[in-house]
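Chemist: Just passing along the structure, written as structure tokens.
The values are calculated or read from the model by the stated rules, or taken from the named source; none is laboratory data. If you're wondering where the values come from, they're calculated on a predicted model, not measured in any experiment. Every residue, glycine among them, receives a Cβ derived from its backbone with ideal geometry; neighbour counts consider all protein chains shown.
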């Protein structure tokens, strides 16, 4: 027969063990809440998910790294007047004002076919649309890349034209509207889209004139 002291000690051990065990009478929904709550990281003040503008900047940085070794572009992208290889970063969140001397230098040096994929993402269209604007076969970039070759010169010029047009459109419209505008037929371009018109240097000048008129309140 157990003494009162032994019974008291046993009750203490049982109580202590009960405190260590998880409760068994919690409803299933409550258990699920407890299970997931530990994995939820509270958002700190000022924390934001990367928006489309940041994605655009990242794509443009990727393109310019592929076009040339512009290592300072990424490190100095917060600056509002950065000179890199004769080009200046504008206030349009990563756009680069492409000067004629810079464009000539880059085309003569050669532009990587790897630029096509991120360029299509920036423009919000498929790779096929971009290669069509550049007047090359859809498979040309992959073939040139496998051979370690640059894009044909006329296509390299087209890459720079499209980047230039995209930057102007981004400066003129809100971001979502700029990609939509570039892909919509325009009456002043004989029903072509601005991207299609930018397939030639003359068409690109037309597109630029329309963008300038829109931006500064001209009749369009």
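Chemist: On the given criteria, is residue 129 under 24 Å from residue 57 (Cα atoms) and touching a residue at least 40 places away in the same chain (Cβ under 8 Å)?
Modeler: yes
Chemist: Here are the criteria: (1) modelled with pLDDT of 95 or more; (2) under 20 Å from residue 192 (Cα atoms). Tell me which single one residue 124 does not satisfy.
Modeler: (1)
Chemist: Within segment 172-193, count every residue that is within 18 Å of residue 54 (Cβ to Cβ), surrounded by fewer than 16 Cβ atoms within 10 Å (Cβ to Cβ) and touching a residue at least 12 places away in the same chain (Cβ under 8 Å).
Modeler: 1
Chemist: Additional query: On the basis of being part of a helix (DSSP H, G or I), under 17 Å from residue 107 (Cα atoms) and touching a residue at least 24 places away in the same chain (Cβ under 8 Å), does residue 156 make the cut?
Modeler: So residue 156 fits the description; yes.
Chemist: With the structure loaded, tell me whether residue 118 is surrounded by fewer than 19 Cβ atoms within 10 Å (Cβ to Cβ) and in contact (Cβ under 8 Å) with a residue 12 or more places away in the chain or whether it fails that test.
Modeler: yes
Chemist: Then there's this: Kindly list the number of the only condition in (1) touching a helix residue (DSSP H, G or I) at 6+ places or on another chain (Cβ under 8 Å); (2) at pLDDT 95 or above; (3) over 19 Å from residue 58 (Cα atoms) that fails for residue 144.
Modeler: The failed condition is (2).
Chemist: Quick one: residue 218 ticks every box in (1) part of a loop (DSSP other than H, G, I, E, B); (2) touching a residue at least 24 places away in the same chain (Cβ under 8 Å); (3) over 14 Å from residue 115 (Cβ atoms) except a single one, so which number is it?
Modeler: For residue 218, the exception is condition (2).
Chemist: Here's something else I'd like to know. Looking at segment 194-207, which of its residues are surrounded by 17 or more Cβ atoms within 10 Å (Cβ to Cβ) and at pLDDT below 95?
Modeler: 199
Chemist: Give the residue, chosen from 116, 111, that is at pLDDT 85 or above and part of a helix (DSSP H, G or I).
Modeler: Matching residue, one of 116, 111: 116.
Chemist: Do we have any residue at all in segment 138-145 that's farther than 24 Å from residue 99 by Cβ and surrounded by fewer than 13 Cβ atoms within 10 Å (Cβ to Cβ)?
Modeler: Looking for residues that are farther than 24 Å from residue 99 by Cβ and surrounded by fewer than 13 Cβ atoms within 10 Å (Cβ to Cβ), one finds at least one in segment 138-145, hence yes.
Chemist: Based on what the data block shows, is residue 199 assigned to a loop (DSSP other than H, G, I, E, B) and under 19 Å from residue 127 (Cβ atoms)?
Modeler: Against the criterion (assigned to a loop (DSSP other than H, G, I, E, B) and under 19 Å from residue 127 (Cβ atoms)), residue 199 qualifies.
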